[in-house]
């Protein structure tokens, strides 16, 4: 397995909040109020002062303007001189933020960066299209367009349902995958607690529940299809609030500040695919990262984390990469946690880092991936050091 001779981005610490469904424990909190305790915990785990951070890069998808990264930096007590970059690539925002942070280190623009994502979906602004004429009413909308041609921009649920029907992925298969995710999240709650920072008293993911095939079969259908390939409520990641961050630093900064790095950022990549089937983009991004790294297959990886917004996406990802579904998301995935859009990619990365550090030998690698609306995907490869 190839090992980078001179990694430019080392990962010193990571943490996340619990994930709470919309309207739950975080329903009164703004993005920076969820994020600040997590950022402060990351600093404490890395053992450095706030003044050492040169920049913050924050993914956020539902904030509708402003600069969430600056709000997070100030609320977390970072120095006023700290640069702040906000990223909106929808579901990919959190993982893309970390990749951009690694780029800041590689380019010499910064030596210590905190990066991640946060979503306060419960407090997301109400959105309206400005009327063309003074007498026209503003038109409310739930989501923006993700492709210029409406025919190529289906609702995400509709797209997942069509894909399941076209490829014969049955509801039974989808529900079994989702049941496994919930069972794992509940079984490994003690391990997950190591990475979770309590925010307003919530110290565990609120959504995972005891689940079996009989209970799954009673769940309502979200989008009906012909045959038995319908998408059920259980097989869709619920809307949620949450935050996750990592601290990256150059080798020189680690030596200067006495930071003990725990992992190396090997590489990340972002790609585009057909907007009609955005769920495929995570697997395509993962393939690019594996090829660029010189790895021959996923069998060389110690752990794989996919934010599975849909069960059919997880099953498709595994087919594409020739991976047994039992190998990914070993302690539950997005189906069990929920989907705080701008944070989900970083949460997957934090999950991956926790498992590498806890269970892996030095030099083992892990992969995380996520897909986003409009047909975009991001993936990253990290290594325990």
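Worth pointing out:
Yes/no matrix, rows are residues, columns are (1) closer than 15 Å to residue 14 by Cβ; (2) in contact with a helix residue (DSSP H, G or I) (Cβ under 7 Å, 6 or more places away or on another chain); (3) exposed (fewer than 14 other Cβ atoms within 10 Å of the Cβ):
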position	(1), (2), (3)
48	yes, yes, no
52	no, yes, no
55	no, yes, no
59	yes, yes, no
63	no, yes, no
69	no, no, no
72	no, yes, no
80	no, no, yes
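- Segment 93-107, residues that are farther than 14 Å from residue 69 by Cβ and out of contact with any helix residue (DSSP H, G or I) (no Cβ under 6 Å at 6 or more places or on another chain): 99, 102, 103, 105, 106, 107
- Hey, residue 267 in contact with a strand residue (DSSP E or B) (Cβ under 9 Å, 6 or more places away or on another chain), surrounded by fewer than 21 Cβ atoms within 10 Å (Cβ to Cβ) and part of a strand (DSSP E or B) or not: yes
- When residues in segment 22-63 are screened for being within 20 Å of residue 101 (Cα to Cα) and modelled with pLDDT under 95, 0 of them pass.
The values are calculated or read from the model by the stated rules, or taken from the named source; none is laboratory data. Source: prediction; values computed, not measured. For neighbour counting, all protein chains shown are included, and Cβ atoms are generated from backbone atoms with ideal geometry for every residue, glycine included.
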